Each structure stands twice: as C-alpha cells, then as structure tokens.
1. Scan Gln30, Gln48 and give me the residue that is open to solvent by 30 Å² or more (accessible area, probe 1.4 Å), free of Cβ contacts under 8 Å to residues at least 60 places away in the same chain and over 11 Å from the mean Cα position of the chain (by Cα).
2. What pairs come out if I take residues in the range 1-12 that are within 14 Å of Arg38 (Cα to Cα) and pair them with residues that are open to solvent by less than 100 Å² (accessible area, probe 1.4 Å) whose C-beta lies under 7 Å away, six or more apart or interchain?
3. From the list Val79, Val49, which residue is more than 20 Å from Ile4 (Cα to Cα) and out of contact with any Asp or Glu (no Cβ under 8 Å at 6 or more places or on another chain)?
4. Taking into account only those residues within the range 64-82 that are in contact with a Lys or Arg (Cβ under 8 Å, 6 or more places away or on another chain) and in contact (Cβ under 8 Å) with a residue 24 or more places away in the chain, which is farthest from Lys17 (Cα to Cα)?
5. Confirm whether Gly66 is modelled with pLDDT of 95 or more and open to solvent by less than 60 Å² (accessible area, probe 1.4 Å).
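The values are calculated or read from the model by the stated rules, or taken from the named source; none is laboratory data. The structure presented is a predicted model; accordingly, all values stated were derived computationally and were not measured. Cβ placement follows ideal geometry from the backbone for every residue including glycine, while neighbour counts extend to all protein chains displayed. All accessible areas refer to the heavy atoms of the entire protein, side chains included, with ligands and DNA or RNA removed. Shrake-Rupley method; radii C 1.70, N 1.55, O 1.52, S 1.80 Å.
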Amino acid sequence: MKIIDNTLINKVVEEAKASPRLRMNYNFHQSLEDKCHRFLNALEMGTQVAVHHHVTKDETFVLLRGKVRVTTYHDDGSVWESVVLSQEEGRVGVDIPKNTWHGLECLESGSVIFEVKEGPFVTHEVDGILDIKNK
C-alpha cells in the first residue's frame with residue numbers, strides 16, 4: 001500500500017521546484033503500459049502544461065494542495081470553460097471528457113493534483129496540440 005500523506009506530497013513538491021519543467025509526477029502505476037494511470041502532479045508557478053486532448057481517454061484531476069486553473073477549449077481555440085480549483089473555494093476537482101482540449105495553469109506554488117486517466121501512455125503528436133496563440 002502506498003500512502004498519500006504530507007511527507008510524500010512535500011517530497012514531490014521539492015522535486016518539482018528543482019525540475020527545469022517546474023513540475024514533477026509521482027506515479028502509482030507500475031508501467032507506462034498499465035491500463036490505468038494514477039499519479040500525483042506537483043506544479044510550480046511558471047510551469048507550462050500545453051493545451052492538449054486525449055482522443056479516447058477521459059481524465060480526472062483532484063486538487064490535494066494549492067490552487068490551479070483548468071481551462072477547456074473549443075476546436076477553434078476559444079475558451080469553453082475555465083475553473084479555479086481551490087480547497088478554500090470548495091472546488092476540488094474536474095472530470096474532463098475524452099477529446100476535450102484542456103490545459104492547466106498553476107496559481108499557487110506547491111500545488112498538487114491527483115490525476116487519473118486510462119493508459120497506456122501515448123506521447124502527444126504535434127498535430128494533437130491546439131495552438132491557441134495563433135487563434
């Protein structure tokens with residue numbers, strides 16, 4: 001059994017701070033080929049989570065610490081919906097349907113979300129990224 005506690009969360013947050021990407025995952029799944037991916041994702045201010053979608057996979061985020069903005073987009077790059085996840089505000093998670101463009105913005109240093117999505121891991125192809133800057 002793996003326990004999610006402040007010791008683990010603090011460890012992943014420190015690794016995120018030291019990472020050039022300013023974020024760090026802690027995987028509970030054993031392999032990238034596993035059918036269900038479950039992991040902590042620690043985010044620091046300034047990290048870039050590209051707008052992307054998973055054509056065949058739903059994805060769930062549950063906020064454990066901090067504050068993040070989750071935004072979904074239409075195919076043309078316009079904002080569909082945007083929500084701030086915050087324990088203080090009583091919004092702690094989202095479930096994003098498959099084939100929905102989405103991105104994350106860290107709003108507070110040391111933010112940590114628990115993510116769940118179907119495996120196996122598939123790298124995003126260049127044409128799978130919505131370029132909202134050019135819309």
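1. One residue alone meets the criteria, Gln30.
2. Pairs found: Lys2/Phe28.
3. The match here is Val79.
4. Filtering first and then ranking leaves Asp76.
5. Considered against the rule, which asks whether it is modelled with pLDDT of 95 or more and open to solvent by less than 60 Å² (accessible area, probe 1.4 Å), Gly66 comes out as yes.
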